[in-house]
Amino acid sequence: MGNDAVEIAINTIKLVVCFLLIVQAVPVLVWLERRGSAFIQNRFGPNRIGPLGLMQLLADAVKFLHKEEFAPAKAVKFLYYAAPVVALVPATLAFAAIPLGAPVHWDQYVFPLQGYEVSVGIVFVLAVSSLAAYAILLAGWGSGNKYALLGALRASAQVISYELALGLAIVGIIMTYGTFNFGEMIHAQEGPLHFSFMGHELVLGFLPNWGIFYQPLGALIFFAASFAESNRLPFDLAEGEAELVAGFHVEYGGFKMLLFFIGEYGHMIVASALMATFFFGGYGLGFMTLAELSASVATVVQDPNIVSLVTSLITFAVFSVKLAVFLWIFIHVRWTLPRFRYDQLMDLGWKTMLPWALFNTILTATLIYVGHL
Amino acid sequence: MPNVDTSLAAEALARPETQTQIESLDLIAHSATLGVGLSHYLILSAILFVLGMIGVLMRRNAIVMLMSIELMLNAVNISFVAFSRFQNLIDGQIMVFFVMTIAAAEAAVGLAILVAIFKRFREVNIRFFEHLRG
Amino acid sequence: MSMDSFLFWFLAFITIASAVTVVTITNPIYSALALAMTMVGVSAIFVTLGAYFLAGVQLIVYAGAVTVLFVMVLMLFDLKHELSAFSRGQISGTIKVATAAALAGLLIGAIVWTVSGFERVVSKPAAPDSADGMRELSHALFTKYVFGFEVLGILLLIIAVGVVALARAKGGTHAQR
């Protein structure tokens, strides 16, 4: 946590803030979703409460807090109340491990812009994301409702099936960059694009050295599998709102349902953050390395502490923009594509994504072996 | 509290070959004040193993018996990793890979068998299957 | 008490408490959830031992897949009528627990008698740095243990085929007796 009181204090505050960043980002996301979906469907979204409807979710939260809080008669009370909390934890744990900006160098301290720095970053994020299946199962069983249970079993089978494709799509990136650590991966994506194959170098100055140019198939599989992991359309049969009412969280109302939504949006945010980190350079600007950015900030500001702080803020803004782009793609896809049937969904996960992800792994391994021969 | 036995360490330090092998002296000091050594992890592993064994012997629900077997395998994993750490050999962690894979596969097959039994008999309590028939 | 030892005692307490819950509680679903908690505890113990990758794999494989499978199967079975959760017979039950306790005593005695004094002497400093640790692990896996690795792959293939074959039996959960 740190060697002296200042460092411990700042690290503690940073841990709490990063942990709660997802909860803070959800209102903005819900507003984006409701207005965005409205414009896609050629209507206005919420536009009464606050300018442009920005206070809508605040009003929703107040409404939810005032709803009657009850548990169904046949529910297993402990599991019924535990499930929304368990839904919140994996997404927040995973998000706190992802670097959001360049580290701040202040005097003799170095503060990375993440909740905690994990040396096996990817494995940790995959591991805590895989605990998301429990929230679904606890909700389905704790509701005491046969249909909620069926929805929960289907949803958890879907989640654990797509974890495989997700993990295998990442293996290509791990092989390309040779590390599990997020910070090193982002560092390796700096500068202009340069391939080196069998001694020949190819430098394309107008493109950044991002992972998407090294692993296009991996990026596609990862992005598609992350839709299934967060139960978003087109993979949300388990909670299809028009057909199954609400699947595994049908018996939840009020604030508990809000917690499930925060969990779902949390998984969306984690998936977007991972997409940005692996394939789009993370917090780095495409056309400038971090050192060049620091140097150009240093021409404006004198104090090296403030230079480091401003650099971190700029990289944080860049990361937020990338995050927003991917979240907008998530929202856009939700209101554009129709839903998969359950057997089509499972076939896609096992019979299409898994073989293609394996093929991607073998291809990447062959190219790396041949290229560095 | 574990008694700190520094006599062996002092002896090892005095030998010339150990002097050249030891790259950081403060690790010796650190492990002397670590408070938790190999024996702690092994005792934890033994306790978990015996708890799993009690589960297999005492419980009558076949699924809970399978879960107790998983508990025993996890206990063994802890002892492998503890040895790997304290003897500084990587082979312990490789064994854990193998044990983990085989345990997961065995759990899958065991559950498939239990599902087939449940489809046929509607019971998984082993007291219905105590007598050989035929 | 240093941070390391506090962490060890805390995690050991949680793991053993969850394991006791697995074995003693009557409702099998709570048993399975306690097993998930035990797996998470074991994963945390791996982290204190410096095996970070194994901790992640333990969470992904055991807590995230195997225990979920157990919970799903239990939820499908819906065993409300848990008659005689524990084995009948006071005498045989006592003998079983006594034997297990005797085994525990033997094991702990053997451990304390053999190991104490060993762990204070390290011949080279253990470096649980994950980059080197991972490299060493994968190197050993693909050179020294490659045969076992390949056999494990074939074993998994056989298991997958076998499980699908077993699950195709006719019947369903509402089969007639």
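The values are calculated or read from the model by the stated rules, or taken from the named source; none is laboratory data. Here the structure is a predicted model, which means the values were calculated and not measured. As a convention, Cβ positions derive from the backbone with ideal geometry for all residues, glycine included, and neighbour counts pool all protein chains shown.
Within region B:104-134, being within 17 Å of residue C:156 (Cβ to Cβ) and within 9 Å of another protein chain (Cβ to nearest Cβ) holds for B:104, B:105, B:106, B:107, B:108, B:109, B:111, B:112.
Of all residues assigned to region C:22-37, at least one qualifies as being of a type in the set (S, T, N, Q), under 18 Å from residue B:47 (Cβ atoms), modelled with pLDDT under 95 and surrounded by fewer than 24 Cβ atoms within 10 Å (Cβ to Cβ).
A residue that is within 26 Å of residue A:314 (Cβ to Cβ) and in contact (Cβ under 8 Å) with a residue 40 or more places away in the chain cannot be found anywhere in region A:82-89.
Restricting attention to region B:59-110, the residues that are at pLDDT 90 or above, farther than 27 Å from residue B:129 by Cβ and β-branched (Val, Ile, Thr) add up to 7. From the list C:73, C:47, the one residue that fits, being of a type outside the set (Gly, Ala, Ser) and at the interface with another protein chain (Cβ under 8 Å from one of its Cβ atoms), is C:73.
Entry remark, region A:18-44: residues being closer than 17 Å to residue A:320 by Cα and free of Cβ contacts under 8 Å to residues at least 40 places away in the same chain number 4 in total.
For region A:265-373, give me every one of the helices (runs of 4 or more DSSP H) that falls completely inside it and has 2 or more residues that are closer than 26 Å to residue A:100 by Cα. Working first, answer last.
On the way: elements: A:290-298, A:304-334, A:342-347, A:354-371.
Answer list for region A:265-373: A:290-298, A:304-334.
The C-beta contact set for region B:30-49 (first residue at pLDDT 65 or above, second residue charged (D, E, K, R), distance under 8 angstrom, 6+ apart or interchain) comprises B:35/C:4; B:36/C:4; B:37/C:119; B:37/C:120; B:38/C:119; B:39/C:119. Taking region A:91-178 as the region of interest, the helices (runs of 4 or more DSSP H) fully inside it that hold 1 or more residues being surrounded by fewer than 24 Cβ atoms within 10 Å (Cβ to Cβ), more than 22 Å from the chain's Cα centre (by Cα) and at the interface with chain C (Cβ under 9 Å from one of its Cβ atoms) are A:146-177. Inclusion of residue B:89 among residues that are part of a loop (DSSP other than H, G, I, E, B), more than 7 Å from chain C (Cβ to nearest Cβ) and of a type in the set (A, V, I, L, M, F, W, C) is warranted. Taking residues in region B:99-125 that are under 17 Å from residue C:79 (Cβ atoms), and partners anywhere that are among the charged types (D, E, K, R), the pairs with Cβ atoms closer than 7 Å and at least 6 places apart or on different chains are B:122/C:177; B:125/B:60.
Would you mind stating whether residue B:56 is of a type in the set (Val, Ile, Thr), closer than 30 Å to residue B:128 by Cα, at pLDDT below 95 and surrounded by fewer than 23 Cβ atoms within 10 Å (Cβ to Cβ)? Lay out the reasoning, then the answer.
Details: of a type in the set (Val, Ile, Thr): yes; closer than 30 Å to residue B:128 by Cα: yes; at pLDDT below 95: yes; surrounded by fewer than 23 Cβ atoms within 10 Å (Cβ to Cβ): yes.
In short, yes.
Considering A:222, A:255, A:206, A:261, the condition of being under 23 Å from residue A:338 (Cα atoms) and either in contact with a Ser or Thr (Cβ under 9 Å, 6 or more places away or on another chain) or surrounded by fewer than 22 Cβ atoms within 10 Å (Cβ to Cβ) (or both) is satisfied by A:261 alone.
Of all the residues that make up region C:7-29, how many are of a type in the set (Phe, Trp, Tyr) and within 9 Å of chain B (Cβ to nearest Cβ)?
Of region C:7-29, the ones of a type in the set (Phe, Trp, Tyr) are C:8-10, C:13.
Now drop any that are not within 9 Å of chain B (Cβ to nearest Cβ), which leaves C:8-9.
Summing the residues that are of a type in the set (Phe, Trp, Tyr) and within 9 Å of chain B (Cβ to nearest Cβ) in region C:7-29 gives 2.
Answer yes if at least one residue in region C:54-69 is more than 12 Å from the chain's Cα centre (by Cα) and either in contact (Cβ under 8 Å) with a residue 60 or more places away in the chain or within 20 Å of residue B:51 (Cβ to Cβ) (or both), and no otherwise. Taking every residue of region C:54-69 in turn, none turns out to be more than 12 Å from the chain's Cα centre (by Cα) and either in contact (Cβ under 8 Å) with a residue 60 or more places away in the chain or within 20 Å of residue B:51 (Cβ to Cβ) (or both). Taken over region B:53-76, the criterion of being more than 7 Å from every other protein chain (Cβ to nearest Cβ), within 14 Å of residue B:104 (Cα to Cα) and not β-branched (Val, Ile, Thr) is satisfied by B:66, B:72, B:73.
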